[in-house]
Amino acid sequence: MKPFKRKPLVIAVLAVVIAAGAGIALMAPKNEAPARTAAATVKPALTVSVVRPQQQPLPIRLAANGNIMAWQEASIGSESNGLRLAEVRVNVGDSVRAGEVLAIFAREAVEADVAQARAALMEAEALAADAAANAARARTLDASGALSAQQIAQYQTSEQTARARVQAARATLAAQQLRLRHVQVLAPDSGVISERKATVGAVVPAGTELFRLIRKGRLEWRAEVTATELGRIKAGTPATLVAANGTRLQGKVRMIGPTVDPQSRSALVYVDLQPAAADAAPASAGMFARGEFDLGSSPALTVPQQAVVLRDGFSYVFRLGPDNRVTQLKVRPGRRIGDRVEILEGLPPDASVVASGAGFLNEGDTVRVVGDGNGGAAQAGTTAPRRQ
């Protein structure tokens, strides 16, 4: 009876085991499939746009510093000695024309000297006329023997002496008249008064400087250029500079200094400046200015500026691979213009470069690309990175 009772129990246990095994077998594929899919698919780190490097001409510029100075300065001084300055008509900053009256000295003393010199001339001319008449009478009596040869020679000598005194009196009168003209200080050229030393009432000696004039109002930029870069500049090279007050000026190289400073190893390059725009603040002599010489252009491989990432003192770009993974490339940047940066080395010309969101990426990150790989800088600039 015992063997017969155990047989149904064994059968029931086997049935339960078989059912449990079948259930496990049926459930196993359903749990393992998502695991394999998750392992095979990596979630992108960012949504980015990519561009290809572009070949475009970029300008070649040479930076320099220097001072803005007057093209030429004229020193205007007194040509009269010991006269009182009666009137000053101009001040610093005034624009004057050639021949314009700048100052006037008191003329009373000079007019008196002119009158005296004119009277002395009239006296000398009267004496000369009398001496000439006496000499003429003596010559008529030469044949009669009424006068000796010595007396006739004396009359002729007196005539010549009187003529010489007339010439001397005329020269004295001309000198006094010249002094009278010099009581007016005239501008030797058109330009701008840069300095004034004249004071009303002062009695100044001849040669004393009264004014300083910037001739023609012309300014020049005296740029300091190192000897190694001097050969790249020639006469006529255009230049652009910004003065200390923010005024932007244009100019052209007039000449290159013939000597190099042995201390700084730099030479002066003289740039004639064009007048500033009417709405700009005027540049003044003595201002410091930074500028650039335009040396032409050359082809360059460029990428958008936002594609270049600065890390640890070095520049990098991220190259997109075929599997949408990015590779960090170390590059050497060069010239910059607008939103474009020249890449001198480290980047193949046919590479696809991440434009937007490069600063949030790391080596090996997977990204989702928006647009194609031939997008321009405008597309890169309008697509914002989105963190997934």
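The values are calculated or read from the model by the stated rules, or taken from the named source; none is laboratory data. These figures come from a predicted structure and were not determined experimentally. Methodologically, a virtual Cβ is constructed for each residue, glycine included, from the backbone with ideal geometry; neighbour enumeration extends over all protein chains shown.
The conditions are (1) assigned to a strand (DSSP E or B); (2) modelled with pLDDT of 90 or more, and residue 297 fails exactly one of them. Which is it?
The one condition residue 297 does not meet is (2).
Being under 54 Å from the mean Cα position of the chain (by Cα) and basic (Lys, Arg) is the filter; apply it to the stretch 74-130 and report the residue that is nearest to residue 156 (Cα to Cα).
Filtering the stretch 74-130 for residues that are under 54 Å from the mean Cα position of the chain (by Cα) and basic (Lys, Arg), the one nearest to residue 156 (Cα to Cα) comes out as 107.
Tell me which residues, restricted to the stretch 101-150, are charged (D, E, K, R), part of a helix (DSSP H, G or I) and farther than 19 Å from residue 174 by Cβ.
108, 130, 137, 139
When the stretch 67-102 is examined, which residues are found to be within 23 Å of residue 180 (Cα to Cα) and of a type in the set (S, T, N, Q)?
Matches in the stretch 67-102: 75, 78, 80, 81.
So how many residues does the stretch 108-125 have that are closer than 25 Å to residue 198 by Cα and surrounded by fewer than 18 Cβ atoms within 10 Å (Cβ to Cβ)?
Here the count works out to 5.
Yes or no, residue by residue, for (1) at pLDDT 80 or above; (2) more than 23 Å from residue 82 (Cα to Cα); (3) not β-branched (Val, Ile, Thr):
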position	(1), (2), (3)
148	no, yes, yes
154	yes, yes, yes
164	yes, yes, yes
173	yes, no, yes
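Taking the condition closer than 30 Å to residue 224 by Cα, in contact (Cβ under 8 Å) with a residue 24 or more places away in the chain, charged (D, E, K, R) and surrounded by fewer than 17 Cβ atoms within 10 Å (Cβ to Cβ), does residue 350 pass?
Working: closer than 30 Å to residue 224 by Cα: no; in contact (Cβ under 8 Å) with a residue 24 or more places away in the chain: yes; charged (D, E, K, R): yes; surrounded by fewer than 17 Cβ atoms within 10 Å (Cβ to Cβ): yes.
When the stated conditions are applied, residue 350 does not pass them.
Quick check on the stretch 79-107: of everything there that is touching a Gly at 6+ places or on another chain (Cβ under 7 Å) and crowded, with 19+ Cβ neighbours inside 10 Å, which residue is farthest from residue 215 (Cα to Cα)?
85
Going through the stretch 311-352 one residue at a time, which ones are outside any loop (DSSP other than H, G, I, E, B) and out of contact with any strand residue (DSSP E or B) (no Cβ under 8 Å at 6 or more places or on another chain)?
311
Pairs only if they're at least six apart or on different chains, beta carbon under 6 angstrom, first in the stretch 75-93 and closer than 16 Å to residue 188 by Cα, second acidic (Asp, Glu) and surrounded by fewer than 18 Cβ atoms within 10 Å (Cβ to Cβ); list them, first residue then second.
Note: pairs meeting the criteria are 75/209; 77/209.
Which one is surrounded by the fewest Cβ atoms within 10 Å (Cβ to Cβ), of the residues in the stretch 300-310 that are part of a strand (DSSP E or B) and not aliphatic (A, V, I, L, M)?
Once the filter is applied, the top-ranked residue is 302.
Find the residue count for the stretch 131-153, including only residues that are closer than 30 Å to residue 177 by Cβ and surrounded by 13 or more Cβ atoms within 10 Å (Cβ to Cβ).
Matching residues across the stretch 131-153 total 2.
Tell me, please, whether a residue that is surrounded by fewer than 11 Cβ atoms within 10 Å (Cβ to Cβ) and of a type in the set (D, E, K, R) can be found in the stretch 282-297.
Looking through the stretch 282-297, none of the residues is surrounded by fewer than 11 Cβ atoms within 10 Å (Cβ to Cβ) and of a type in the set (D, E, K, R).
Output yes when any residue across the stretch 255-265 is among the β-branched types (Val, Ile, Thr), part of a strand (DSSP E or B) and within 30 Å of residue 232 (Cβ to Cβ), and no when none is.
First, pick out the residues of the stretch 255-265 that are among the β-branched types (Val, Ile, Thr): 256, 259-260.
So of that shortlist, the ones also part of a strand (DSSP E or B) come out as 256.
Adding the requirement that they be within 30 Å of residue 232 (Cβ to Cβ) leaves 256.
Scanning the stretch 255-265 turns up at least one residue that is among the β-branched types (Val, Ile, Thr), part of a strand (DSSP E or B) and within 30 Å of residue 232 (Cβ to Cβ).
Restricting to the stretch 227-254, what's the tally of residues that are part of a strand (DSSP E or B) and β-branched (Val, Ile, Thr)?
Qualifying residue count for the region: 3.
It is to be established whether one or more residues within the stretch 213-230 are of a type in the set (Lys, Arg), buried (at least 16 other Cβ atoms within 10 Å of the Cβ) and in contact with an Asp or Glu (Cβ under 8 Å, 6 or more places away or on another chain).
Checked against the condition, which is being of a type in the set (Lys, Arg), buried (at least 16 other Cβ atoms within 10 Å of the Cβ) and in contact with an Asp or Glu (Cβ under 8 Å, 6 or more places away or on another chain), the stretch 213-230 yields at least one hit.
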